[in-house]
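In what follows, a single structure is set out as structure tokens and then discussed.
The values are calculated or read from the model by the stated rules, or taken from the named source; none is laboratory data. Bear in mind the structure is a predicted one, so any value in this text is a computation, not a measurement. Here Cβ is always computed from backbone atoms with ideal geometry, including for glycine, and neighbour counts include all displayed protein chains.
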């Protein structure tokens, strides 16, 4: 069964609003989780590393004030897209570590900003 | 930025045929992984090959790694319609922190 869940699975919002996406590790405590975004028919781009109890580490070019990440517990990381605009419309996927250096991915959250 | 390129970007074959996808990368790595993504869904791990390995098998999957050429290939033998998906390679860029950097992916379509 799934070991990583995301909520919501899809969301539509108006431009200028903020949207929060949750990522839960269902069977294992995760001190580190990861957030990716994927545009249609494109690859996954790593956005940031979510660290439990400390600040997230963002990849170069990702606006940390735009994409707020909070990892308040060992099973939950949240990504908040602040003041969302149509160009933020994308598929957001989280992951956590698995066996060896593999990753378990969540089912993704599709965001559409109107 | 993306780590590398997959070739081909799209592949269409008949059931029973073999599918070969290639991946190139640019940096040093500890390992390279292949993932599968069904349309609009999350990713599923397929196979991991370490930098000191040259070939690895898992069921109908065969992965090769050539670190001198910074390239890898994924072979799916005796393909099935259920293999239709996007396939991505991912590397760690030499980090052990769990971050993955993905290639562009190959969209595989297997016709019954």
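For every residue, the table says whether it meets (1) within 23 Å of residue B:91 (Cα to Cα); (2) at pLDDT below 95; (3) more than 10 Å from every other protein chain (Cβ to nearest Cβ); (4) buried (at least 17 other Cβ atoms within 10 Å of the Cβ).
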residue: A:34; (1), (2), (3), (4): yes, no, no, yes
residue: A:44; (1), (2), (3), (4): yes, yes, no, yes
residue: A:66; (1), (2), (3), (4): no, no, yes, no
residue: A:73; (1), (2), (3), (4): no, yes, yes, no
residue: A:81; (1), (2), (3), (4): no, no, yes, yes
residue: A:85; (1), (2), (3), (4): no, no, yes, no
residue: A:97; (1), (2), (3), (4): yes, yes, no, yes
residue: A:112; (1), (2), (3), (4): no, no, yes, no
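Select from the range B:35-50 the residues that are surrounded by fewer than 19 Cβ atoms within 10 Å (Cβ to Cβ), within 16 Å of residue B:82 (Cβ to Cβ) and either at the interface with chain A (Cβ under 9 Å from one of its Cβ atoms) or in contact with a helix residue (DSSP H, G or I) (Cβ under 7 Å, 6 or more places away or on another chain) (or both) and list them in ascending order.
Selection gives B:41, B:44.
Quick one: would you say residue A:5 is more than 20 Å from residue B:104 (Cα to Cα), in a strand (DSSP E or B), within 11 Å of chain B (Cβ to nearest Cβ) and in contact (Cβ under 8 Å) with a residue 12 or more places away in the chain?
For residue A:5, the condition - more than 20 Å from residue B:104 (Cα to Cα), in a strand (DSSP E or B), within 11 Å of chain B (Cβ to nearest Cβ) and in contact (Cβ under 8 Å) with a residue 12 or more places away in the chain - is met.
Here is a check on your reading of the model: is residue B:30 touching a residue at least 60 places away in the same chain (Cβ under 8 Å) and within 9 Å of chain A (Cβ to nearest Cβ)?
Spelling it out, residue B:30 is indeed touching a residue at least 60 places away in the same chain (Cβ under 8 Å) and within 9 Å of chain A (Cβ to nearest Cβ).
Of the conditions (1) closer than 18 Å to residue A:43 by Cβ; (2) assigned to a loop (DSSP other than H, G, I, E, B); (3) touching a residue at least 40 places away in the same chain (Cβ under 8 Å), residue B:40 clears all except one; give me its number.
(3)
Among (1) more than 9 Å from chain B (Cβ to nearest Cβ); (2) surrounded by fewer than 16 Cβ atoms within 10 Å (Cβ to Cβ), which single condition is residue A:30 missing?
It is condition (2) that residue A:30 fails.
Kindly list, by first and then second residue, each pair from a residue in the range A:36-54 that is in a loop (DSSP other than H, G, I, E, B) to a residue that is buried (at least 22 other Cβ atoms within 10 Å of the Cβ), limited to pairs with Cβ atoms under 6 Å and residues at least 6 apart or on different chains.
If the second residue must be buried (at least 22 other Cβ atoms within 10 Å of the Cβ), the pairs left are A:43/B:102; A:43/B:105; A:52/A:71.
Within the range A:55-64, count every residue that is facing another protein chain (nearest Cβ under 10 Å), assigned to a loop (DSSP other than H, G, I, E, B) and surrounded by 12 or more Cβ atoms within 10 Å (Cβ to Cβ).
1
Residue check: is residue A:28 assigned to a strand (DSSP E or B) and in contact (Cβ under 8 Å) with a residue 60 or more places away in the chain?
Values: assigned to a strand (DSSP E or B): no; in contact (Cβ under 8 Å) with a residue 60 or more places away in the chain: yes.
For residue A:28, the condition - assigned to a strand (DSSP E or B) and in contact (Cβ under 8 Å) with a residue 60 or more places away in the chain - is not met.
Return the residues of the range B:51-78 that are more than 21 Å from residue B:109 (Cα to Cα), in contact with a strand residue (DSSP E or B) (Cβ under 7 Å, 6 or more places away or on another chain) and surrounded by 14 or more Cβ atoms within 10 Å (Cβ to Cβ); say none if nothing qualifies.
B:51, B:53, B:56, B:64, B:65, B:70, B:71, listed by residue number.
Of all residues in the range B:86-103, which are part of a loop (DSSP other than H, G, I, E, B) and more than 10 Å from the chain's Cα centre (by Cα)?
B:92, B:93, B:94, B:95, B:96, B:97, B:98, B:99, B:100 - these are the residues of the range B:86-103 that are part of a loop (DSSP other than H, G, I, E, B) and more than 10 Å from the chain's Cα centre (by Cα).
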